[in-house]
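J.: If you scroll down you'll find the structure; I have some questions about it.
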Amino acid sequence: MAKPRRAAPRPNNAPVRTVFVIGPDKRIKMTMAYPMTTGRNFDEVLRVLDSIQLTARHKVATPANWKQGGDVIITGAVSNEDAEKIFPGYKTVKPYLRTTAQPK
């Protein structure tokens, strides 16, 4: 006797929304994908745009949950001597982690 077959599972064909941020150099700077049932978070999109613009102009990185005007991280490509000239009064949290006020 043949074994009964189970019905094949139905594919999940739900659409996905995706946001792309493309820089002036024609390179993708950020993508954000989420299910159709989830609304867009425009605050996050604006935060990312602010961060991309800031980090393109200055040798800094933005931490998680960074907001405009918050402290930023000085990149590892900047020596301590250069950091003192560029970001006077920066704070050393760990030897590899230096923070400073957001540059103007």
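The values are calculated or read from the model by the stated rules, or taken from the named source; none is laboratory data. Computed from a predicted structure; not experimentally measured. Ideal geometry is used to build each Cβ from the backbone, glycine not excepted, and the neighbour counts take in all protein chains shown.
J.: Among the residues of the range 47-54, is any touching a residue at least 40 places away in the same chain (Cβ under 8 Å) and within 23 Å of Gln102 (Cα to Cα)?
T.: Start the filter on the range 47-54 by keeping residues that are touching a residue at least 40 places away in the same chain (Cβ under 8 Å), which leaves 54.
Now drop any that are not within 23 Å of Gln102 (Cα to Cα), which leaves 54.
There is at least one residue in the range 47-54 that is touching a residue at least 40 places away in the same chain (Cβ under 8 Å) and within 23 Å of Gln102 (Cα to Cα).
J.: Taking the range 76-101, which residues are in contact with a His (Cβ under 9 Å, 6 or more places away or on another chain) and loosely packed, with under 14 Cβ neighbours inside 10 Å?
T.: Of everything in the range 76-101, nothing turns out to be in contact with a His (Cβ under 9 Å, 6 or more places away or on another chain) and loosely packed, with under 14 Cβ neighbours inside 10 Å.
J.: Out of the residues in the range 13-22 that are of a type outside the set (A, V, I, L, M) and part of a loop (DSSP other than H, G, I, E, B), which is nearest to Gly70 (Cα to Cα)?
T.: Across the range 13-22, the extreme among qualifying residues is Pro15.
J.: Let me ask another. Got at least one residue in the range 35-44 being farther than 30 Å from Ala14 by Cα, out of contact with any helix residue (DSSP H, G or I) (no Cβ under 6 Å at 6 or more places or on another chain), without any contact (Cβ under 8 Å) to a residue 40 or more places away in the chain and not aromatic (Phe, Trp, Tyr)?
T.: no
J.: Pick out the one residue from Phe42, Phe20 that is surrounded by fewer than 10 Cβ atoms within 10 Å (Cβ to Cβ), modelled with pLDDT of 85 or more, outside the structural domain of Ala64 (by TED's automatic domain parsing) and under 15 Å from the mean Cα position of the chain (by Cα).
T.: From the options Phe42, Phe20, the qualifying one is Phe42.
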